Every structure is written in structure tokens, then in C-alpha cells.
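Working notes for the structure below.
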Amino acid sequence: MNTEVVTANTESVTGKITRLTEWFRAHQPCTIATSGGIDSMLLAFVASQIDDGEFMVVHSTSAAVPSADAQRVADYARRYHWNLKIITSNEIENSDYKANPVNRCYYCKSSLFEKMTGLEAGHLVTGTNLDDLGDYRPGLIAARENNVLQPYVELEIDKRMIRQIASHFGLDDLKDLPASPCLASRIETGIAINQQDLQVVDNVETFIKQQLNTDVVRFRIRHQQHEIQLSPAVCQNLDEQKKLALIDGVTRLLTPALARLPVTVTSYKQGSAFVGVKNVGG
């Protein structure tokens, strides 16, 4: 083992933690938007370690939030004594959001930040990290319009470093947590968003995770067919009989309208529900 490399990595992690802590001390009071994913959860955890800090953690309940994520936020809030505020952003009531255009996330985040601003609890903070800047994320436009602060970006912290910081704190349930975007991301661009379909997606993905003991699952509602997306390794290990049994179990969870289309099993592809020109202009 190269001791010098290990030491350097350890110093880098502790250095980032120190800078994050200093950043929060300089930006009090603040309101941290916490989805239940590793990025925002770790951000809230670091802030909660500061004695007498003025921080509010905000979680928005919505049909588009995976049930496991909402439970994770509640568990951490109890364990680490967060000042947690549960809000409802009501993005589902926005006709632009419901139409599910390619920039749907812009309308969702705009609703969230409007609600957070109304709390009048200081700076708005999100867990956007350095890697996110290279993806198509219309929500970043809403963040800019609402003067949202992004400490990970300011301190040049990427996803790899976030996982290392979580490991440093012994947050084993976070450090290997796979990405968990909102359930609306499973519905192909142009298909209207409704609460019933979002609930179906959550139910199906929970069912598949239990059946296959895997965390990487996407159930995508599409125009021509629906897709069960699994990691390449899991997908490869499913023979035809197991695939058919899985499809049968999933089909039983679908609404009559969704059950009209066939269901297939394929490998996971990030962002594969996006269709059309990704115009980041709003």
C-alpha cells in the first residue's frame, strides 16, 4: 500500500470538511434543501455538527419523492437533532410542470425555492456538487434566479469527495447510496405527470428492489413501452424465465392505462427519459 497516497487523500478529506464547516459558520442563518440523497444529506449533517449553528433543514413532501428518501430524512433528523421543516412545494399543481417538458425540473425547483424563501430563514442552500455542472440540469437556472448558494461548487467538491467525507464520518448508509432523482424523472418527456403514475413508479421500484436485492432500479414510463432498468451486472444475471416472472410481477402493479403497453427489461441509462432538445435557457 502506498502510505503517501493514503495520507494525502485523508488530508484532502479533512481539509474539505474544515472548509465546509467554515463556510457554514460564515453563512448563518441558512436553510438547507434536503432531498434525501447523499449530497444534501451530507451537507445537512456537516451543518448539524456546528454547535449553536443557525440552520434549518427543509424537506419537501411530494408524490415525486421516493418514499425511502423521505424516511431517510426523517431518520437522520431524529438521530442528529436537525431543525427539520417539512413543506409541500405543490409543483404538481403547476401546469407547466405537469406537461412534462424537457425543462420540467426548472418548474419544480422554482416552486421549491419560492416556498423556502417564504420561510425567511436565511440563505437558501442546496447540495449541488461540482459534477452536476456537467449534466443537463434546468433546476440550476431556478437556483441562479433565486440566489441559491452551492457550497460544494464553491469549494470544488465533487461526488467522489462527498462519498469520502461520508465515509470519514462513518455514515455507511450514505457513502454508497446510489443516485435517487425524483420519480418524475422516470416519465418520458411529453407524457403528462400525475400523482397516480408517480405512485406506481414508487411501488414498482420498491417491489423490484425487494425481489432482486438491488439498489439500482428505474421504472421508466414511455410512449411506446415501459422499461425496467437495472445495473448491467444484475440485468446479465437474469435469465429469460426470471425476466418474465419479474415483468409479470410488475405488470400486476400497473394501472389499467399503463398496463396497455408492454414492459421490457434493459440496462440502466442515466437521463434516458429525456426526449427532445435540452434547451437550458429556462
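The values are calculated or read from the model by the stated rules, or taken from the named source; none is laboratory data. Predicted model, so just to flag it, every value in this text is computed and none were measured. Don't worry about glycine lacking a Cβ; one is built from the backbone with ideal geometry, like all the others, and counts go over all protein chains shown.
Go over the candidates Tyr97, Tyr76, Tyr106 one by one and state the one that is buried (at least 16 other Cβ atoms within 10 Å of the Cβ), in the same structural domain as Thr18 (by TED's automatic domain parsing) and in contact with an Asp or Glu (Cβ under 6 Å, 6 or more places away or on another chain).
Numbers: Tyr76 fails: in contact with an Asp or Glu (Cβ under 6 Å, 6 or more places away or on another chain); Tyr106 fails: in contact with an Asp or Glu (Cβ under 6 Å, 6 or more places away or on another chain).
Of Tyr97, Tyr76, Tyr106, the one residue that is buried (at least 16 other Cβ atoms within 10 Å of the Cβ), in the same structural domain as Thr18 (by TED's automatic domain parsing) and in contact with an Asp or Glu (Cβ under 6 Å, 6 or more places away or on another chain) is Tyr97.
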Check your understanding: Of all residues in the range 53-69, which are in a helix (DSSP H, G or I) and either polar (S, T, N, Q) or surrounded by fewer than 17 Cβ atoms within 10 Å (Cβ to Cβ) (or both)?
Key -> Ser67, Ala68
**Study point:** Output for the range 218-233, where each listed residue is not in a loop (DSSP other than H, G, I, E, B) and not small (Gly, Ala, Ser)
**Key:** Arg218, Phe219, Arg220, Ile221, His226, Glu227, Ile228, Gln229, Leu230, Pro232
Practice item. May I ask you to verify whether Ile162 is touching a residue at least 12 places away in the same chain (Cβ under 8 Å), among the hydrophobic types (A, V, I, L, M, F, W, C) and closer than 28 Å to Ile17 by Cα? Key: yes
Exercise for review: Go through the range 138-197 residue by residue and tally those that are crowded, with 18+ Cβ neighbours inside 10 Å, touching a Lys or Arg at 6+ places or on another chain (Cβ under 7 Å) and among the hydrophobic types (A, V, I, L, M, F, W, C).
Suggested key: 8
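If we keep just the residues of the range 234-256 that are assigned to a loop (DSSP other than H, G, I, E, B) and exposed (fewer than 11 other Cβ atoms within 10 Å of the Cβ), which is nearest to the chain's Cα centre (by Cα)? Let's see the steps before the verdict.
Residues of the range 234-256 that are assigned to a loop (DSSP other than H, G, I, E, B), as a first pass: 237-239, 252-256.
Narrowing the set further to residues that are exposed (fewer than 11 other Cβ atoms within 10 Å of the Cβ) leaves 239, 252, 256.
On the way: Asp239: 31, Arg252: 27, Pro256: 29 Å.
For the range 234-256, the residue satisfying everything is Arg252.
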